[in-house]
2 protein chains.
Amino acid sequence: MTGDHLPAGSTGRPHVVVVGAGFGGLTATQSLRHAPVDVTVVDRRNYHLFQPLLYQVATAGLSPADIAAPIRGILGSQRNATVLLGKVTDIDRASRAILLDTQQRVPFDYLVVATGARHAYFGRDEWADVAPGLKKIEDATSIRRRLLLAFEQAETIADAVEQRRLLSFVVVGGGPTGVELAGAIAELAKKALAKDFRRIDPRSAHVILIEAGPRLLSAFPESLSAKAKRALENLGVEVLLGQAVSACDAGGVTVGNHRIEARTIVWGAGVAASAAAKWLKAAHDRVGRVEVSPDLSLPGSCEIFVIGDTAKVVDAAGKPVPGIAPAAKQQGRYVAQVINARVRSRAAPPPFRYRHLGNLATIGRKAAVVDFGRLRLSGQIAWLLWGMAHLFFLIGFRNRFAVLIDWLWSYITYGRGSRLIVGSNHQAQPIGVDRGRQA
Amino acid sequence: MTGDHLPAGSTGRPHVVVVGAGFGGLTATQSLRHAPVDVTVVDRRNYHLFQPLLYQVATAGLSPADIAAPIRGILGSQRNATVLLGKVTDIDRASRAILLDTQQRVPFDYLVVATGARHAYFGRDEWADVAPGLKKIEDATSIRRRLLLAFEQAETIADAVEQRRLLSFVVVGGGPTGVELAGAIAELAKKALAKDFRRIDPRSAHVILIEAGPRLLSAFPESLSAKAKRALENLGVEVLLGQAVSACDAGGVTVGNHRIEARTIVWGAGVAASAAAKWLKAAHDRVGRVEVSPDLSLPGSCEIFVIGDTAKVVDAAGKPVPGIAPAAKQQGRYVAQVINARVRSRAAPPPFRYRHLGNLATIGRKAAVVDFGRLRLSGQIAWLLWGMAHLFFLIGFRNRFAVLIDWLWSYITYGRGSRLIVGSNHQAQPIGVDRGRQA
């Protein structure tokens, strides 16, 4: 059962192993479609996740299956691609093989590492229990459960102080994730749930967005940051800028010497690369991103490439390439070109150059900010553009169509279709017991 | 925080408590819309589940949110209804109150118990771990995970015997659940997954349906049972009749003295009512269904009603009323009439009479059997009728529309949109370790 994994029907052609089927890994694989190689894609999950819309699953607007597509389905017709469900535990640079937790070794001629990143707690990992982040489907359904249960519990109890705490929602981090989450939570409370309760008024919910830096969306121009702040405030979100969270527990957060009582805290700050640097024993920056050569290969191992959020890549001006889907896809396409040139013994393409297409973020269901360099938009037109861009890049016709239907439905009715409390904490818990994990 | 729960805005009107928001409880509540009462609906979940389509979630055809609608959303506009998320632990008949796990007491003037049923292992509860049943959303996503992981693991291993075991699927129970599951698993393997693997051929999967009785679908006429068997066999399902499972473990099942090796076993047999009889200290039958008076009230407590799968109800001919949605809805409507008559001091309606509308079951995506008494159909026309009936009874326009889209999509492409492996066992597990729970 263990032993070497060879590509299906071992053809003797060079074997490319791609670790991670996110935007970078999937694009690399698809770009190798016509190359004379066999590709094996290894992922811990059986699906590709469209992370930019994960916050909509967390706030009950979309279903997990709307934004996730089975990797086998995406690559089903690519004859030179094999999919392997497995968790990488190490990479053997010397003998050119990756190791899986099943003890299997997968030998490679070329390796593309695209294992992404996760959120980080700035060394305070003990906050993870009370302030979950948003990177995986399970994160999203867990946040959805917490949000919805907070309203349910507020409805059943008499204690006004605890009720207030249950109806207070803190989002930490003013990047796109935090901004989009805060806007969506405010809309959930003020629109979708408004008529559903009898003892509480969900519209009285208090949503607080906390950002340590001086403005929201620091990757955007300042004018759009200001517009995003105003749009959030119009939705009733309280925005705290220049204030770092110094403590975080099941009852709330502390910013400076100010205490905010809240039973639901969502973490949208910080970023840490995956364990790839450790596997590769490679040089990396403070947050774990691997240092790469101009062709995105690992210095000293020109057959190993590191792309996407796992790599530290800088653009022509020396600025770090942002951790967004288009950047990962450009890198995936680029390394496929490099590999294709090598196996065909052609000249190598010029060094990787990042082409910035723009930044988008949405605030609730009617506003967004769009920065296409010279073109800067905000408001409803930006929102339409944001919606179209996301629909366009969603993989698979079915997902695209299903998401469109869900959006139209909630646009017309303000309803949310996916308000299910499922999972381990699905049952009503005695309030006061197990409060640490749940409320 | 604890203490008595009173209906919102306590009006002094009679308080009706409905426990369980399944087909029976929800219909009872909605039928009391214009009655001069306050209704509190108590459920452990925040959603109403359309159980007849649960097998499609288990086989990756639909998403959980497609077949579940938030109770608060359904009852949002019914001003005399309050929803309470909570788990009942006991019922105090003498002082007329239900007790929740939060220590809250909910006093009632009238009580409707509609807590449903679950599957049963005929006293072999230790089989539950290896042969999960299908009653809850979590059951469905867990079965989906097991089914999909079995194919993934078969793809990665070299051992031909273990591969065979991984590609063998046993369904226990030849009622509608078992028949529909077996058909859907066969289609998943032979159509949806057919092109997705490189080392295994999913079409070689072996699906075995085991029924202890002499025929499938015992509630249907014999001619339709035979047609269902033939339709399943056309899909490649092996149907074993008159054979009871005598042993069941992580490696397979034993029927008579014949051993069937299979890593995935799904339980579709047996039924046991909820704990309601225990709470009520009431007389009940072998499977826990509460004995009720002709007006569905509890003998000795005329203000307590028991309906749906929780109650033992017989029709005019003395035959037990089947455990299907239309029966539960008729009973819900009936007890609402009885309560309405009592609070208005009108004459009580005549005893409950079950009106059998028909039986439907589907086999794969092109065949079904329909029994409307004199009208008996099978094949594609029956399948269309089955589809329309289920769409019609799905609650909520959005769910109806989303399901229609999913169905059309998979009808045209044979694809399955919801092939996600999520949850606690989502990661690839070392084969040979933890096999008991997962494979």
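A few comments on the model shown:
- Count of residues meeting criterion [more than 14 Å from the chain's Cα centre (by Cα), more than 14 Å from every other protein chain (Cβ to nearest Cβ) and crowded, with 24+ Cβ neighbours inside 10 Å] in the range B:23-71: 5
- Filter result for A:LYS190 (farther than 29 Å from A:PHE372 by Cβ, away from chain B (no Cβ under 14 Å) and not aliphatic (A, V, I, L, M)): yes
- Of all the numbered requirements in (1) of a type in the set (D, E, K, R); (2) within 14 Å of chain B (Cβ to nearest Cβ); (3) open to solvent by less than 20 Å² (accessible area, probe 1.4 Å), A:ARG164 misses one, and that requirement is (3).
- Identity of the residue in the range A:128-144, part of a helix (DSSP H, G or I) and not basic (Lys, Arg), that ends up farthest from A:TYR47 (Cα to Cα): A:ALA128
- Against the conditions (1) touching a strand residue (DSSP E or B) at 6+ places or on another chain (Cβ under 8 Å); (2) within 30 Å of B:ALA35 (Cα to Cα), B:GLY379 satisfies every one except (2).
- The residues on offer are B:ASP295, B:ASP309, and the sole one that is assigned to a loop (DSSP other than H, G, I, E, B), of a type in the set (D, E, K, R) and closer than 25 Å to B:ALA94 by Cα is B:ASP295.
- Within the range B:167-183, the residues that satisfy the criterion of being open to solvent by less than 10 Å² (accessible area, probe 1.4 Å) and either part of a helix (DSSP H, G or I) or of a type in the set (Asp, Glu) (or both) are B:GLY178, B:VAL179, B:LEU181, B:ALA182, B:GLY183.
- Residue that is modelled with pLDDT of 90 or more and either polar (S, T, N, Q) or at negative phi (or both), where the choices are B:ARG118, B:ARG79, B:ARG96: B:ARG79
- When B:LEU209 is tested against the conditions (1) farther than 29 Å from B:HIS356 by Cβ; (2) in contact with a helix residue (DSSP H, G or I) (Cβ under 6 Å, 6 or more places away or on another chain); (3) part of a strand (DSSP E or B), the lone failure is (1).
- Some residue of the range B:40-50 being more than 15 Å from B:LYS87 (Cβ to Cβ), outside any loop (DSSP other than H, G, I, E, B) and at pLDDT 95 or above: no
- Extreme residue, surrounded by the fewest Cβ atoms within 10 Å (Cβ to Cβ), among residues of the range A:72-97 that are within 13 Å of chain B (Cβ to nearest Cβ) and assigned to a strand (DSSP E or B): A:THR89
- A:ALA35 modelled with pLDDT of 95 or more, in a loop (DSSP other than H, G, I, E, B) and over 30 Å from A:ALA189 (Cβ atoms): yes
- The range B:267-287, subset open to solvent by 30 Å² or more (accessible area, probe 1.4 Å) and part of a helix (DSSP H, G or I), residue nearest to B:LEU99 (Cα to Cα): B:TRP279
- For the range A:98-114, filtering for residues that are open to solvent by 20 Å² or more (accessible area, probe 1.4 Å), within 14 Å of chain B (Cβ to nearest Cβ) and assigned to a loop (DSSP other than H, G, I, E, B) leaves 3.
- Exactly one residue among A:ALA231, A:ALA247 is within 23 Å of A:ARG124 (Cβ to Cβ) and open to solvent by less than 60 Å² (accessible area, probe 1.4 Å), and that residue is A:ALA247.
- Every residue from the range A:200-219 that is over 21 Å from A:THR156 (Cβ atoms) and open to solvent by less than 10 Å² (accessible area, probe 1.4 Å): A:VAL207, A:ILE208, A:LEU209, A:ILE210, A:LEU216, A:LEU217
So that you can scan it fast, the table gives a plain yes or no per residue for (1) within 14 Å of chain A (Cβ to nearest Cβ); (2) within 20 Å of the chain's Cα centre (by Cα); (3) open to solvent by 60 Å² or more (accessible area, probe 1.4 Å):
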{"position": "B:ARG198", "(1), (2), (3)": "yes, no, no"}
{"position": "B:ALA226", "(1), (2), (3)": "no, no, no"}
{"position": "B:GLY251", "(1), (2), (3)": "no, no, no"}
{"position": "B:GLU261", "(1), (2), (3)": "no, no, yes"}
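- The residue of the range B:331-354 that is most open to solvent (accessible area, probe 1.4 Å), among those that are among the hydroxyl-bearing types (Ser, Thr, Tyr) and closer than 21 Å to B:PHE108 by Cβ, is B:SER345.
The values are calculated or read from the model by the stated rules, or taken from the named source; none is laboratory data. What you see is a predicted model, and the numbers here were worked out from it, not measured in a lab. Neighbour counts are summed over all protein chains in view; Cβ atoms, including those assigned to glycine, are modelled from backbone coordinates with ideal geometry. The accessibility values were calculated without ligands, DNA or RNA, using every heavy atom of the protein model including side chains. Shrake-Rupley method; radii C 1.70, N 1.55, O 1.52, S 1.80 Å.
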